[in-house]
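Report on the structure given below.
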Amino acid sequence: VAGSPFVFDSLTLKGKAETSVVTFSSMDLRIFDGVIQGVALLQEEQTPRLSAEISFERINSARFFAALGVGQLLSGELAGKLALSSKAENWEGIFASIAADGEFVARRGAIRGVDLAEAIRRASSTPVQGGVTQFEQFSGKIMLKSGSLQLHDLFINSGLMQSSGTLEINKNESVSGKMDIQMRGSVNQNRIPVLISGQLKAPSVQIGKR
């Protein structure tokens, strides 16, 4: 589509079409400096249905999130896998009702708009907005259902700082979550809870209760 931010370097599909069923036995999409591969099934018996399993690697996450229209929330090389499913009254609504379940890992990047280290340094209930959390690796599991994105089993390795927790992003782009942070080399080895709230493009982080 002209003007679309989703521009493929190449697109290769193999499959077959039968009555009310289209099967893609092989998909290879080159986009955002990386590759997406997988299989998919499109059915139209009573209502349109879609199911797919995909894997992705070397995706430029900054370009990907910019294409989604939410800014460069994340940078780094993104990889992972997803199982997708959807059903709708018509094909126009198939992507609006999509559900997904999978996992991801981003390497050598940064989370923009969230400064976990500053929230700990400030050591108060005063919210922190803006800043950057750089990481060597950021991984977790993904669940998308009814327009709500849940990220769980999150783990961030930022050198001297390690974090684990959960995050939820709702339809209106409001976010809520909690990360437990531990500083390496610190005399105090307890995990410090940090709460995340606000809007996706401008979240707030602050120390929570233990």
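The values are calculated or read from the model by the stated rules, or taken from the named source; none is laboratory data. Every value quoted in this text rests on a predicted model; they were computed, and no experiment measured them. Note that each Cβ is placed from the backbone with ideal geometry, even for glycine, and that neighbours are counted across all protein chains shown. Keep in mind that these areas ignore ligands, DNA and RNA; they rest on the heavy atoms of the full protein, side chains included. Shrake-Rupley method; radii C 1.70, N 1.55, O 1.52, S 1.80 Å.
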**Asked** Here is a list of conditions, (1) surrounded by fewer than 18 Cβ atoms within 10 Å (Cβ to Cβ); (2) under 29 Å from Lys201 (Cβ atoms); (3) among the aliphatic types (A, V, I, L, M), and Leu13 meets all of them except one; can you say which number that is?
**Response** (2)
**Request:** Return a yes/no flag: does the range 179-191 have any residue that is modelled with pLDDT of 90 or more and open to solvent by 70 Å² or more (accessible area, probe 1.4 Å).
**Result:** no
**Item:** Every residue from the range 40-60 that is in contact with a Ser or Thr (Cβ under 6 Å, 6 or more places away or on another chain) and either within 17 Å of Ile98 (Cα to Cα) or buried (at least 16 other Cβ atoms within 10 Å of the Cβ) (or both)
**Value:** Leu41, Glu44, Leu50, Ser51
**Request:** Give me the pairs, please: first residue somewhere in the range 12-29 and in contact (Cβ under 8 Å) with a residue 24 or more places away in the chain, second residue anywhere and loosely packed, with under 12 Cβ neighbours inside 10 Å and outside any strand (DSSP E or B), beta-carbon distance under 7 Å, and either six or more positions apart or on two chains.
**Result:** Ser20/Glu45
**Message:** Being over 22 Å from Gly177 (Cα atoms), free of Cβ contacts under 8 Å to residues at least 60 places away in the same chain, of a type in the set (Phe, Trp, Tyr) and assigned to a strand (DSSP E or B): is that true of Phe64 here?
**Reply:** no
**Asked** Out of all the residues in the range 18-27, is one or more in contact with a Phe, Trp or Tyr (Cβ under 9 Å, 6 or more places away or on another chain) and in a strand (DSSP E or B)?
**Response** no
**Message:** I'd like to check something: does the range 118-132 contain any residue that is open to solvent by 70 Å² or more (accessible area, probe 1.4 Å) and either within 14 Å of the chain's Cα centre (by Cα) or closer than 30 Å to Ser51 by Cα (or both)?
**Reply:** no
**Item:** When residues of the range 119-136 are limited to those that are outside any loop (DSSP other than H, G, I, E, B) and free of Cβ contacts under 8 Å to residues at least 24 places away in the same chain, the one farthest from Gly71 (Cα to Cα)
**Value:** Arg121
